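*Asks:* Have a look at this one before I ask anything.
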Amino acid sequence: MVCHGHAGKSAKSGHEKMEFTEVLHWRRAVLAVVLNLLSLALSTTALLSSYWCEGTQKVPKPLCGKGKATKCIVVPIHVENTNASGQDVVHYSWETGDDRFAFRYFHTGIWYSCEENILGTDEKCRSFLELTPPTERGILWLSLGSEMLYIALLIASCGLLLLEMFYTGNPVCRLKVNAFAAMSSVLSGLLGMVAHMMYTQVFQATVSLGPEDWRPHSWDYGWAFYTAWASFTCCMASAVTTLNTYTKTVLEFKRNQKAYEQNLPEPESFLEPTEMSFFRDQPLRSVSDSVDFYSELQRKVLLREHTVQCPANHTVDRSLELEDADTALGEEHC
């Protein structure tokens, strides 16, 4: 009875601690998914936008006509014949220097560049690839491909995070999914950063070497450029949150290992000295190796805890206890 009472209290305490850990894990998972979805929305908006850079272009004013009365050059007209009043009608243009030019607004994205039409109200758009110098078009294609892959990896990591949240099977498999989601988020963030920097390089080269009728007089980064970098920030925040969850889980395994090694007498341990030396010195070369290693160690520790709690009254065959421990842990191979 004493043994069962002690085991009941220990199980209750362990269950409460497990519930608290699950709540924290769920909150971190929700935060990572929210940041990932926000990053995906921002990156998609920036990719489809044409407001990465904006500014003004210095162009000659058009000639004034019936449909254009402002921001234009008046053509001098000399009339040889006199009218009814007997006075010559002569028009002169006094515009010189910068007065002969107009400054039209333009905005540019990855796909195309649009310019204000000073002769009307519509915009004139053309492909940004056609404006790019031939030596920079390869970098532009790399930037575009990196942006596409960035969004694809964001979608993949979001799917893995959702799978981890609603997966109720083996915790080891769940930990593996968490690790792959973290690596996918980190890789997508790095690709996004490289893509943004490559586009910036291409645009600056186009400003200097692009067509004469397109080169801007003044320019600055637009809202889509800052949206793209905000997407990168959210992506890396999601990756850090996911890695934090994985690291805390692995550290929990290590802490439990050290606690059982220090608090329990060596003769009562089912881990032989050679086994302990093996587990302590075994190198971990991958995520899968680490979770399988600590899963095996947790199975042995659970079996040892069960035996130590009831040493005198329960003598069970070791093979049956190993089978029960495997059932309690829900051992499945991913």
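*Asks:* Just one of (1) under 23 Å from S39 (Cβ atoms); (2) in contact (Cβ under 8 Å) with a residue 12 or more places away in the chain; (3) of a type outside the set (K, R) trips up L190, so point out which.
*Replies:* Of (1) under 23 Å from S39 (Cβ atoms); (2) in contact (Cβ under 8 Å) with a residue 12 or more places away in the chain; (3) of a type outside the set (K, R), only one is false for L190: (2).
*Asks:* Right, A179: open to solvent by less than 10 Å² (accessible area, probe 1.4 Å) and either closer than 17 Å to Y246 by Cα or β-branched (V, I, T) (or both) or not?
*Replies:* So A179 fits the description; yes.
*Asks:* Kindly provide the set of residues from region 149-197 that are among the small types (G, A, S) and not in a helix (DSSP H, G or I), ordered by number.
*Replies:* Of everything in region 149-197, just one residue is among the small types (G, A, S) and not in a helix (DSSP H, G or I), namely G169.
One line per residue, one yes/no per condition, for (1) more than 21 Å from R215 (Cβ to Cβ); (2) surrounded by fewer than 16 Cβ atoms within 10 Å (Cβ to Cβ); (3) in contact (Cβ under 8 Å) with a residue 60 or more places away in the chain:
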{"residue": "P134", "(1), (2), (3)": "no, yes, no"}
{"residue": "G138", "(1), (2), (3)": "yes, yes, no"}
{"residue": "S143", "(1), (2), (3)": "no, no, no"}
{"residue": "A152", "(1), (2), (3)": "yes, yes, no"}
{"residue": "S157", "(1), (2), (3)": "yes, no, yes"}
{"residue": "Y167", "(1), (2), (3)": "yes, yes, no"}
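*Asks:* Taking strands (runs of 3 or more DSSP E) that do not extend beyond region 24-124, which have at least 3 residues that are modelled with pLDDT under 80 and either out of contact with any Lys or Arg (no Cβ under 6 Å at 6 or more places or on another chain) or more than 30 Å from S208 (Cβ to Cβ) (or both)?
*Replies:* Once the strands (runs of 3 or more DSSP E) in region 24-124 are filtered for at least 3 residues that are modelled with pLDDT under 80 and either out of contact with any Lys or Arg (no Cβ under 6 Å at 6 or more places or on another chain) or more than 30 Å from S208 (Cβ to Cβ) (or both), nothing remains.
*Asks:* Taking L140 as the residue in question, decide whether it is closer than 30 Å to Q57 by Cα, touching a helix residue (DSSP H, G or I) at 6+ places or on another chain (Cβ under 7 Å), modelled with pLDDT of 90 or more and in a helix (DSSP H, G or I).
*Replies:* The answer is yes for L140.
*Asks:* Checking the structure you have, find out if any residue of region 135-145 is farther than 23 Å from Y246 by Cα and acidic (D, E).
*Replies:* yes
*Asks:* For F253, state whether it is modelled with pLDDT of 90 or more and open to solvent by less than 60 Å² (accessible area, probe 1.4 Å).
*Replies:* no
*Asks:* Look at region 236-251 and say how many of its residues are touching a Phe, Trp or Tyr at 6+ places or on another chain (Cβ under 8 Å) and either of a type in the set (F, W, Y) or not in a helix (DSSP H, G or I) (or both).
*Replies:* 0
*Asks:* Return yes or no: is T233 assigned to a helix (DSSP H, G or I), on the phi < 0 side of the Ramachandran plot, β-branched (V, I, T) and surrounded by 18 or more Cβ atoms within 10 Å (Cβ to Cβ)?
*Replies:* The answer is no for T233.
*Asks:* Next up: Does L153 count as more than 30 Å from L24 (Cα to Cα) and of a type in the set (A, V, I, L, M)?
*Replies:* Spelling it out, it is not the case that L153 is more than 30 Å from L24 (Cα to Cα) and of a type in the set (A, V, I, L, M).
*Asks:* With the requirement that a residue be touching a residue at least 40 places away in the same chain (Cβ under 8 Å) and either touching a strand residue (DSSP E or B) at 6+ places or on another chain (Cβ under 6 Å) or small (G, A, S) (or both), what does region 193-215 give you?
*Replies:* Selection gives A195, F203, A205, G210.
The values are calculated or read from the model by the stated rules, or taken from the named source; none is laboratory data. This one's a predicted model, so the numbers in the text were calculated from it and none came from an experiment. Using ideal geometry, Cβ is built from the backbone for each residue, glycine included, and neighbour counts are taken over all protein chains shown. Each accessible area value is taken on the protein alone, full model and side chains, heavy atoms only, with ligands, DNA and RNA left out. Shrake-Rupley method; radii C 1.70, N 1.55, O 1.52, S 1.80 Å.
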